[in-house]
1. Taking 7 Å along the Cα-to-C-beta vector as the label spot, tell me the K9-N167 distance in nanometres, rounded to one decimal.
2. State the label only: which of (1) 19.1; (2) 17.0; (3) 18.1 corresponds to Kirkwood radius over Cα pairs in Å computed from the shown model?
3. Please report the net charge: other residues with Cβ closer than 12 Å to the Cβ of A158, K and R +1, D and E -1.
4. Take the chain, connect every pair of alpha-carbon atoms lying under 10 Å apart with a spring to form a Gaussian network, then pick out the residue of V141, V23, V123 with the largest mean-square fluctuation.
5. In nanometres, what is the gap between the two model label sites at E26 and K195, each 7 Å from Cα along Cα-to-Cβ?
6. Relative to the first principal axis of the alpha-carbon coordinates of the chain, what is the inclination of helix 2-19, with its axis defined by its Cα atoms, in degrees from 0 to 90 and to the nearest 10?
7. Shape of region 58-168 from its Cα gyration tensor (a ≥ b ≥ c, root eigenvalues): rounded if a/c is under 1.5, otherwise prolate when a/b > b/c, or oblate?
8. Could you give the size of the charge dipole of region 27-198 about its Cα centre, using +1 on the Cβ of each K and R and -1 on the Cβ of each D and E, expressed in debye and rounded to the nearest 20?
Amino acid sequence: MFEKDDIMKKLENHLIFSKSLGVDGERMEEEGIDFREYNLKNYILTEGIFYNCNFSKMNLEEQDFYKTILEYSDFSESNLQNAYFVKSETNNAIFDNANLIGANFSKSDLLEASFINSKLNNVKLIFTTLIRTNFTNSNLVNVDISDSYIEETIFTNAILTGMKNLNQAFVHSINIGTIEKPIILKEKKAKEWLKNRV
């Protein structure tokens, strides 16, 4: 009970920190916390540090993760529709089987993040770093990837219909195989493969 009360107090202090632009309150910095028993609907998590935390199977619709560090955290099977991840650090985070329709990951880092079987319709990946990011079996209809950097990103069996601004993306390479058995296409061939599926 003490731990739950302590987390609630930290959430309140972080809310004050966010609303005061860092003048009051205290930035929340947590590692390994299971947030599934907390209702985060009325809390702002911007600029927090949540390393290896569990946010799976939660309703986080329209949650604001602006400039939040979320490395190695688990968001699998969560509702993240219209969530705001701009300038977040989500390297190695797990978003498998999540609803991310309309989410904004612009200017965020998604190094080795996993989006297997996820709904990513109308997501913004503008100026986003996508290095070995896994989109296997995901729905990327109408996603905007303008000025994003793509390297060994996995698009196996992903739906790419209506992908926007592919010509403005920096496509170094893509993986049309798996992590264990990669099939790497580079630059021109990679872009042609993507264009044929848009």
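Laboratory data are not the source of any read-out in this text; all were calculated from the coordinates shown. Because the structure is predicted, anything quoted here is derived from the model rather than measured. Glycine gets a Cβ as well: all are built from the backbone with ideal geometry, and neighbour counts include every protein chain shown.
1. Each label point is offset 7 Å from its Cα along the Cβ direction, giving 5.8 nm.
2. (2)
3. It works out to a net charge of +2.
4. V23
5. 5.6
6. Helix 2-19 sits at roughly 70 degrees to that axis.
7. Rounded.
8. 860
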